[in-house]
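The values are calculated or read from the model by the stated rules, or taken from the named source; none is laboratory data. From a predicted model like this one, the values you see are computed outputs, not experimental measurements. Positions of Cβ are backbone-derived with ideal geometry, glycine not excepted, and every protein chain shown enters the neighbour counts.
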Amino acid sequence: MLFRNVFRTLKKQYVQLLLLGLIITLSSFIYTTMDLGVGGIYAPTEAYFEEANQEKFAMKMMDMPLEVDSTYITTSCPLVAEIPFSISALKVIDEDCYYGVLNNRLNTITSEYDNIIVELRESKDVYFNLNGTSNKARILKDSVAINLSFFVEGEKPSTNNQIGITQAYAKNNNLVIGEILTLDDKDYTISGFVLFPDYSLAMFSDALIFDNDTQTMGLLTDEEFEHLNETVYFEIAGVYKEGYLDSDFKKDVIDDYRDNENLDFVTSTLLTINNMRSGAIYGEIEGGQKTALILSLLIASIALLIVGIMVSKVLQSQRGAIGILKSMGYTNLEITLPYIFFIAILSFPAIIMGYFLGVLGAEPMKNVYLTIYLLPSQPVAQTLETFTIAVVVPFVFLIVVSYLIIRRILNQKPVTLLNPPITSNANFLTKRMHGFLKRLKITSKLKHLLLYRNMVKFSAYIIGMFYAAFLILLSFSMIGVMDRMLYNYYDNTDYNYIGYCDYSQTCEVTGTQEKVIELPSAILNEEDIYLVGLSPDNELHKLLNKRDKEITNDLENGIIITTSLGLINGVKLGDSLMLQVGEESKEFKIVGVTEEYSGNRAYIDIEELSLLLTNTTTYSNAVYSQTKLSENDFLIVISTEDILQQASKMQSLFNIMIYVFIFASIAIGSIVVYILTVMTIEDNFYNISLFKVIGYNNKEIDKMILGGYLTYGIGTFLVTIPIAYGLFYLMTYYMAQFYGVLMPFRFELWHGLLSLVIFIILFYLGAYVAKRKLSKISLQEAMKMYQV
Amino acid sequence: MSIKLENVTKTYFTGEVETHAVKNVDLEIKNGEFVVLLGPSGSGKSTMLNIISGLDNPTSGKISIDGEIISDMNAKQLTKFRRDNLGFIFQQYNLLQTLSVKENVEVGREVSKLPFTVEEVLEQVGLTPQTTKYPFQLSGGEQQRVSIARAVVKNPKIMFCDEPTGALDEEMAKEILSILQKLNETYKTSVVLITHNPSIGAMADRIIKLNSGEVVEIIVNKTKLNASEISWG
C-alpha cells in the first residue's frame, strides 16, 4: 500500500524524474567511458615507455652562442671564419664544431648534476605535399640511450631511401609499408611504423596542433638525417640514475639551474609529466580520470541536490499521511523503505545504463585518444574498480543521502506531522532584507521575500543557476579558440612566403618583398624567446593589439610582445626588460602586446636588432614576400599556406570536440535550469493560489513569484559572467604556466546575451509547465494546504 | 451586494463514484446581510461557499451577484470579480510567514481600487500594537484577526468566512466573531459565514441549514445577539 502511494506520488513528477535520470546516466557514462577508454591505452603504454627508456625530463637550450661557446669556436674550430648568430647555423659550416659546442654543454650539465644522464635530441621539420595537401614531418635523429625508437610494425630504416612514419598518420592517409613518401623531392620507402616516447603527441611547437592527419614523426638513417636540407633543432633528453626521483630532480636541478652561471645556455627544464608533448598522456590518464571523476561527481551532486529537493517536497506534501502512518505504529524504516525503494528503482537503471553506454563508448573514446596520441593500445576491458566507482559508489551515495533526508523529516513526532505548528521563524536573510526593501511596494517586496523564506532551496536555486551559467559560458568561450590560436596571426599579416637566407649573406629583396631578422633564440628577462626584427613602417607584417589597433609604429619606442609571451613569462605592457642578443644586452620597454596566442615571440625594430647583432643597420636574415620565393635563392622557403592548411585539420578536430562540449554543457545547463525552475514554481503553489483567491491576476502573480526567481536567475547569470571571465583568465594563465600552451578562452558580449536568452526561454518553459500543472488543483484545495 | 443562486448543483466525480455536494439549491443573500451557513461535516457548506464565491464553478445552475452571472465567468473574469468585490477568511489563517502583520494586510490592500488604510483596519481588529510582528509571534486568534484585516482592507462588498473560528477557543472565537459583526455593521459588508457550530447562528440575520447538499431550512433571526452574548454550545 505504502509502495503504491509513493509510486503514484512520484509518477506525477515524471518529466523531472526523466531529466534527473538523464543527468545520473550522464554522470555514470562520463566516468566509465573516460576510465575504460584510457585504460585501453594505459598498460601497453607503461610497458612501452619502460622499454624505450622514455626521458624523465627535457631541457631546452639557446640556439645562440654564448661567450663560452664563442671561445670554444674561436679556439677549436678553424673552419669557422665568423661566428654565426645561431648554433644550428654552425652545423652547416662545421658539423664537428657544432657537436663540440653541444657536447661541451651536455658535459657541463652532467658535471653540475651527478644523478642524471643526458643525451642530445636532434630533429628537423619538413613540409611536404601528399595528395595535394601540405603535410609536415618531424624527423628525429635516432637516439642511442634515451627515447629509443619503437617500431609497432615493420622495421627501422636500414638504407638512406627508407623512412619510418607513425601508424596513425599512415592509417589516416591510407599509406602502407612499402609505399613511397616524397620529402624534399626525394622518394622514401616506408619501412615501418615508428613511435617515439618523447612524442606521445605529434606536437611540434607551442601551438596546439597535434593532429595525425597531416603530421607525422619520422625516422631516417643517421646519414640521411644529416643530408636533409632543413634547419636542425636540438634539445636535451635526460633520465635519472638508480634511485633518483622527480622530486629530487626538481629540488636539485629545476630550482637551481637558473641561478647557475655555468648553465646560462639552458632556457627551460621540464619534467616529462609536465611536458605536454611527452607527458600529456600522464596528465590525460591521471588528470583525465580525475577530471572525469570530478565532473561526474559534480553532475551527480547536482542530481543529488535535485533529488533532495524533490524528495523533501514529496514528503512535505505527504506529511499528513506520514503522520497518520506513524500514529498507527509504522516504524520510520517501514515508511522510509518505499521512498528508498523507488529512488533505487529509478536511479539504478539510470546508473547502469550510463555504465553500459560508457562501456560501449570506451572503445571509440580510446580511438579518439589514438587519433591524437601516438601510443600502443589494447582492447578495452571492463574492470571491477571502474564498475565500483561508476555504479556502486554513486548508487550507494544517492541512497544514503536520500535516506538521511527522509529520516530527517520522519524524525518529527506524528502530531507535528499531522498538525504542523506555526514555527516558521523569519530567517536571518528575511529579517536583514526587510530593512533594505522597506521602501518598496508590498508586491515588489514579496518578489524577494518569498525567495528568502527557505535558504536551502534558495541556495540550491542560486548554485544550480551558477553551475548552468558557468557551463554555458565556458562552452561559448571556446568557440573560435583554434582561430585565435592559429589564424589571427596569419589573418593580420600579408606575407605568404618566408625565405631564410644563407647565414653568411645579407638578404636581398625585390619589389614588395621586405627584409626581416628572425632570431630563434634571444633572452628577454632571462627567458628564451623568438625575436623578430621588423621595420616600423613595414607593410607585410602589421602588428595589431587586442582592440585591432595597429601598433607597428610603436616599434620605434621599444619592443612589442605577443599575448602568449606576456602570459607565459609574466611580463606586461610598460615593463622595462633586459634583452640579450648574442653578446649584446640592452634594456627595452614593452610598448605593445599583440593578439597572438602562440609563440614566445617578441618584435623589435629591425635596425635596432641589426645594430645589436652587427653594429650596422642593414643586416637581415630572412625575407617576407607575397609572391612565391625561389628555393634556389634561399636556404629554406616556407609557405604560410602550408602552415595554414596543416592547421586546418587540427581546427576541424578541435571544432568537433568543442561543439560536442558545447552541446553537452548546454544540455546539462538547460536541464538544471528547467528542473529547478519547475520545482521552485511548484514550491510556490500555495502562494500562487492564495494570491489568486485574494484577487491578484496572473500578470501580478507572475511578477511576484516568477519575477523574483527570474530576477535572481538573471542576477546569477550576470554575476557568473565576471566570475567566469576571471576563471577563464586563471585557466589560461595556469595552462600557460604549467604546459606553456595557451588556450585563449574569450568572453564576448553575445555569449552573455545568448546565455541569458537561453536561461529566460528555459525559465518560462519550466514556469509554463509548472503553472499548467498547478492550475489543475482547485483554489479551495490549495487553501487547505497552509504552508507554515 | 446581493447573491442569487438558481437551481445550483455541484457534482464531483471520483473514478466511477458520483458525489452530489450541492443539489438544486435556490437561495438569495441580500445586501449587507450577515448569513450563517450551518451544517454538519459533509453537508456541502464548504462547496456551497466555494461556488458562491467563484472559487469553483457549479456543475449546473446559475449564480449571479448584483445581476452579474458569475457561474458563466472564466478564471480570468472570476479573478477580476474576486479582486473587486470579495474578501476571504479561512480556518487556517493563510498568512504569509515572511511578512509582518502590516505587510500581510498590505497584500490585500494592493489589489483594491478603494481600499481602507492599513492602520484603520488594524485598529478595527485591535492589532495596532502588533503591526511589526510576524505571524509566528502571534496567537491563533491574533493571526485570524490579521487574516480578517487582510480581507477587510480591500473594502470588499461580500466577505466569505470558512469556519473562521474552527481552530480557536471560545474566548478567541467570540473576539473574532465580534470583529466580523462590527465590520458588517460599520461597513455594511455582506458576510457569508460557514460553520458547524449552531451557536454562531444567533448573531446572524439568517441561518441557512444544509444537509446532504440541500438547503433543509432557512431561519430568519429576529433576535440577533452580539457575538459576545452567544452561549457557546
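At-a-glance table
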quantity: Residue match in segment B:122-132 (condition: on the phi > 0 side of the Ramachandran plot, away from chain A (no Cβ under 12 Å) and surrounded by fewer than 24 Cβ atoms within 10 Å (Cβ to Cβ)); calculated: yes
quantity: Hey, B:F116 within 11 Å of chain A (Cβ to nearest Cβ) and not β-branched (V, I, T) or not; calculated: no
quantity: Residue tally, condition in a loop (DSSP other than H, G, I, E, B), over 15 Å from A:L690 (Cβ atoms) and hydrophobic (A, V, I, L, M, F, W, C), over segment B:37-95; calculated: 1
quantity: Selection within segment A:522-536 - of a type in the set (S, T, Y) and either more than 28 Å from the chain's Cα centre (by Cα) or under 19 Å from A:N557 (Cβ atoms) (or both); calculated: A:S535
quantity: Of residues in segment A:686-711 being surrounded by fewer than 20 Cβ atoms within 10 Å (Cβ to Cβ) and away from chain B (no Cβ under 11 Å), the one farthest from B:S53 (Cα to Cα); calculated: A:T711
quantity: Residue within segment B:74-94 that is hydroxyl-bearing (S, T, Y), more than 8 Å from chain A (Cβ to nearest Cβ) and out of contact with any Gly (no Cβ under 6 Å at 6 or more places or on another chain) present; calculated: no
quantity: Count - residues of segment B:96-113 that are more than 10 Å from chain A (Cβ to nearest Cβ) and in a helix (DSSP H, G or I); calculated: 1
quantity: Some residue of segment A:385-399 being over 42 Å from the mean Cα position of the chain (by Cα) and either free of Cβ contacts under 8 Å to residues at least 40 places away in the same chain or surrounded by fewer than 19 Cβ atoms within 10 Å (Cβ to Cβ) (or both); calculated: no
quantity: Pairs with Cβ under 6 Å, 6+ apart, first in segment B:17-30 and at positive phi, second hydroxyl-bearing (S, T, Y) and modelled with pLDDT of 85 or more; calculated: B:N24/B:T9
quantity: Selected residue (only one of B:L27, B:L37 is at pLDDT 90 or above, buried (at least 16 other Cβ atoms within 10 Å of the Cβ) and away from chain A (no Cβ under 12 Å)); calculated: B:L37
quantity: Verdict on B:A173 being surrounded by fewer than 21 Cβ atoms within 10 Å (Cβ to Cβ) and more than 9 Å from chain A (Cβ to nearest Cβ); calculated: no
quantity: Restricting segment A:438-466 to residues that are surrounded by 22 or more Cβ atoms within 10 Å (Cβ to Cβ) and away from chain B (no Cβ under 14 Å), the residue that is modelled with the highest pLDDT; calculated: A:M465
quantity: Residue match in segment A:530-543 (condition: over 24 Å from A:A89 (Cβ atoms) and basic (K, R)); calculated: yes
quantity: Residue check for B:Q144: in contact with a Phe, Trp or Tyr (Cβ under 7 Å, 6 or more places away or on another chain) and facing chain A (nearest Cβ under 8 Å); calculated: no
quantity: Scan of segment B:2-47 for residues that are in contact with a Lys or Arg (Cβ under 7 Å, 6 or more places away or on another chain) and more than 16 Å from B:S71 (Cβ to Cβ), ordered by number; calculated: B:G32, B:E33, B:V35, B:L37, B:L38, B:G39
quantity: Every residue from segment A:742-788 that is away from chain B (no Cβ under 14 Å), in a loop (DSSP other than H, G, I, E, B) and either in contact with a helix residue (DSSP H, G or I) (Cβ under 7 Å, 6 or more places away or on another chain) or modelled with pLDDT under 80 (or both); calculated: A:L742, A:M743, A:P744, A:F745, A:R746, A:F747
quantity: Filtered residue count, segment A:559-588, keeping only those that are among the hydroxyl-bearing types (S, T, Y) and in a strand (DSSP E or B); calculated: 3
quantity: Residue count for segment A:93-118, restricted to those that are closer than 25 Å to A:D256 by Cα and not in a helix (DSSP H, G or I); calculated: 6
quantity: Test: residue in segment A:482-494 that is in contact (Cβ under 8 Å) with a residue 60 or more places away in the chain, in a helix (DSSP H, G or I) and among the basic types (K, R); calculated: yes
quantity: Check on A:L609, in contact with a Pro (Cβ under 9 Å, 6 or more places away or on another chain), in contact (Cβ under 8 Å) with a residue 60 or more places away in the chain and within 30 Å of A:T71 (Cα to Cα); calculated: no
